[in-house]
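First the structure, in the form of structure tokens, and then the observations on it.
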Amino acid sequence: MTIDIGLILSQEDEAHFAAHTEAVTAAMQQVRKLHPAYSWVGTDEIRCRGCNAGLDIPSLASTNANADKAFRAHQTAQIDAMLAADTHHSIRNYSASHDPMRGLNLAG
């Protein structure tokens with residue numbers, strides 16, 4: 001059985017869904033640009049190359065997979081912060097220097 005979303009959503013709902021999807025996509029692109037990668041600082045810490053946030057990795061679990069997981073959590077938190085801030089400011093005007101998540105230690 002297939003469900004045609006166009007039949008379920010009203011035109012107003014579709015417009016809202018499209019706007020929300022566009023906002024999320026814009027936030028994701030901006031985060032990838034401003035928080036592109038991380039570097040290992042030690043055996044139990046990585047640092048975002050974009051905002052310089054230190055992200056702890058459990059020392060007994062210092063693997064690339066866990067570092068990737070912690071960094072994805074960091075990027076996700078950045079997207080969430082952008083979307084929350086977007087109610088007052090445009091995502092396109094987002095600045096890493098005014099990032100509300102900057103400097104937080106977001107261990108994944």
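Read-outs throughout are calculated quantities, based only on the coordinates presented, and are distinct from any laboratory measurement. Since the model is a prediction, treat every value here as computed from it, not as a measurement. Don't worry about glycine lacking a Cβ; one is built from the backbone with ideal geometry, like all the others, and counts go over all protein chains shown.
Key figures for this structure:
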{"item": "Number of positions in region 12-28 that are over 19 Å from residue 81 (Cα atoms) and among the hydrophobic types (A, V, I, L, M, F, W, C)", "result": "3"}
{"item": "Output for region 13-28, where each listed residue is among the polar types (S, T, N, Q) and farther than 16 Å from residue 76 by Cβ", "result": "21"}
